[in-house]
Amino acid sequence: MSHSTGSSETRKLKRGATSFDAGAAMLRAHIKTLPGQPGVYRMIGKDGTPLYVGKAKDLKKRVSSYTQRARLPVRLQRMVARAVNLEITVTPTETEALLLEANYIQKFLPPFNILLRDDKSYPYILITKPQEPASNGAKPDPQDFPLIAKHRGAKKRKGWYFGPFASGGAVTETLTILQRGFMVRNCSDGFFANRSRPCLQYHIKRCTAPCVGRVTREDYAVQVQDAVDFLKGRNQDIQQKLASQMQEASDVTNFEQAAKLRDRIKILTSMQTKQSIHVAGLNDADIVAMHRDGGKTAVQVFFFRQGRNYGARTFTPTHDKDQKPAEVMAAFLIQFYADKPAPPTLLLDTLPEEQTLLAQALSERAEHKVRLLVPHSGDKKRLVDMAQKNAQQYLARSLAERDEQGRLLQRVADIFGLAEPPKRIEVYDNSHIQGAHAVGAMIAAGPEGFLKKTYRKFNIKQAQTNDDFGMMREVLTRRFRRLIDEDPARTSGMWPDLLLIDGGEGQLNKVIEVMGELGLPDITIVGIAKGVDRNAGNERFFMQGKPPLSLPHEDAVLYYLQRLRDEAHRFAIGTHRARRTKAIGQSRLDEVPGVGATRKKALLHHFGSAKAVEAAGLEELMRAPGVSRSTAQKIHDYFREGR
């Protein structure tokens with residue numbers, strides 16, 4: 001029966017069925033075997049990547065709806081027309097389907113879904129926990145004295161985590177105040193273990209120097225606990241405690257100590273005044289509000305934890321103009337909290353679609369109950385209104401910048417003879433020092449500004465590292481051969497309309513030669529070279545078959561092209577420095593058989609440096625954490641070979 005149905009559909013296509021009919025026929029063929037259970041479905045395009053990911057309470061019913069053209073918006077009609085296959089994953093519940101849908105959307109970035117492109121990890125403040133039992137060595141052990149630090153990524157280290165914060169800057173500001181208020185160390189364990197006298201942090205009164213025994217383990221533990229309690233929102237208790245200690249010091253005429261405590265109280269009061277909010281019943285919450293204009297949406301998120309403001313971020317999810325605010329809000333929330341737990345309360349300006357299901361999914365992921373609320377009056381409403389106003393202002397600025405960017409790109413097209421404003425400009429540069437650690441770099445820009453997520457770096461593997469053109473040839477060849485293999489139809493949006501090369505006519509001709517060899521003579525290439533005095537503002541532009549072109553110093557396009565070139569130069573130099581630093585950070589420890597990353601880290605923490613490990617005797621090596629006698633013997637023998 002399946003075969004005869006397929007033949008019937010084929011005959012209909014031959015009679016002139018539309019591309020939508022072809023997609024619908026494919027779906028109908030799958031529907032016959034689909035279960036009536038919850039799950040996730042993926043519409044697959046010609047290149048095998050998902051065009052759209054959706055979840056369903058009943059897969060058979062949901063997929064069947066895509067075959068009814070009259071009931072679909074234009075966006076989904078185009079999606080069905082491009083679909084050539086369907087993949088499904090059955091889940092036990094609809095809640096699990098919703099969570100899996102969010103994971104797939106973040107993984108595949110399907111073009112017909114609402115997308116939140118947020119690949120940044122959010123920073124936390126970490127206060128480590130001391131080891132148990134305490135060590136009894138003569139020298140202070142860093143494991144006995146917790147540190148306070150900025151943290152990103154997996155929470156593998158034992159300790160207290162506070163956050164997330166909206167940005168690294170917000171964490172740094174808070175850490176600075178906490179160090180001044182509680183004087184908990186922020187140095188690494190390796191730095192701690194190798195101190196023989198207090199560092200600058202002690203002298204500027206941001207640390208009590210546990211590394212050299214200036215504070216007991218017990219007194220330091222009190223400092224740490226006070227910092228933890230303060231971050232947990234016990235502000236009044238801490239300040240009352242410090243005020244009591246200040247009075248006691250004053251009563252016994254220890255005015256120096258009383259002055260120190262007074263200064264700490266002032267510091268913590270200023271932090272509390274700046275960061276605290278006073279909204280009844282609101283402790284841990286995120287405020288999420290959005291504004292739409294010109295087919296675009298900006299979403300503002302305020303982070304509040306333990307009654308403190310941890311900063312704000314603005315996002316611009318991509319979506320079709322016909323998608324409703326409730327739909328956009330639902331997609332934003334499930335994707336935003338895909339890799340982080342939602343707080344117990346989310347204050348919103350728009351209730352999302354399927355709010356009950358969404359709340360269940362967020363609660364399951366966070367492992368505590370999550371409430372979605374739209375306040376209509378009072379302090380909570382004022383917070384939401386403030387977030388909404390911020391979103392509105394951000395979007396207004398963004399649209400104005402986009403209009404300006406559009407005018408610049410139109411001028412670029414006019415100057416260099418492009419048929420339309422370029423959607424993607426790529427700029428290339430190389431960086432090395434006398435041929436060492438050579439790298440190539442590519443940056444990209446378009447109507448949205450710099451496209452930083454598509455930047456690429458290339459470690460030079462084949463070209464002579466003192467041959468700048470050879471390096472450029474290698475970079476271009478690797479870049480475009482891969483693009484030809486992955487996207488020969490040029491539908492991904494990753495093909496440039498314009499290549500900007502840092503160099504004059506000679507460099508331009510060499511690049512044209514490479515692109516010709518790759519079979520890509522249709523991409524416009526422009527060389528940008530500084531004048532005879534190498535002065536910015538005297539640039540000359542070179543194109544094949546045209547005389548060199550200069551632009552007036554006050555021309556906005558000249559400034560824009562300079563920015564593109566300088567951004568490529570910055571990225572190339574940064575990549576080169578990172579590679580050079582990594583090479584410098586390598587040591588002979590990396591070459592010792594049986595010493596992997598974990599043992600290397602343990603050895604460096606224990607001895608303080610690779611040089612100290614090399615000089616250590618067999619018995620000393622055996623005292624390092626995780627180092628057996630046989631491993632210690634290998635390390636000992638390795639560093640003494642050839643002596």
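The values are calculated or read from the model by the stated rules, or taken from the named source; none is laboratory data. For clarity, every value in this text was computed on a predicted model and none was experimentally measured. Because the Cβ atoms are built from the backbone with ideal geometry, glycine has one as well, and the counts that use them run over all protein chains shown.
Taking the stretch 30-73, which residues are touching a residue at least 24 places away in the same chain (Cβ under 8 Å) and among the basic types (K, R)? K32, R42, K46, K55, K57, K60, K61, R69 - these are the residues of the stretch 30-73 that are touching a residue at least 24 places away in the same chain (Cβ under 8 Å) and among the basic types (K, R). Considering only residues that are crowded, with 18+ Cβ neighbours inside 10 Å and in a helix (DSSP H, G or I), which ones fall in the stretch 496-509? Correct list: Q507, L508.
The single residue among T316, T297 that is touching a Lys or Arg at 6+ places or on another chain (Cβ under 7 Å) and in contact (Cβ under 8 Å) with a residue 40 or more places away in the chain turns out to be T316.
Quick check: anything in the stretch 63-77 part of a loop (DSSP other than H, G, I, E, B) and crowded, with 18+ Cβ neighbours inside 10 Å?
No: zero hits.
Taking the criterion of being modelled with pLDDT of 85 or more and either of a type in the set (S, T, N, Q) or more than 35 Å from the chain's Cα centre (by Cα) (or both), the residues of the stretch 221-242 that qualify are V222, Q223, Q225. Taken over the stretch 93-118, the criterion of being over 14 Å from Y337 (Cβ atoms) and not in a helix (DSSP H, G or I) is satisfied by T93, L109, P110, P111, F112, N113, I114, L115, R117.
Would you say V328 is surrounded by 21 or more Cβ atoms within 10 Å (Cβ to Cβ) and more than 19 Å from D284 (Cβ to Cβ)? Write out each step before concluding.
Values: surrounded by 21 or more Cβ atoms within 10 Å (Cβ to Cβ): yes; more than 19 Å from D284 (Cβ to Cβ): yes.
Yes: the conditions hold for V328.
Residues in the stretch 57-79 that are among the aliphatic types (A, V, I, L, M) and modelled with pLDDT of 95 or more: L59, V63.
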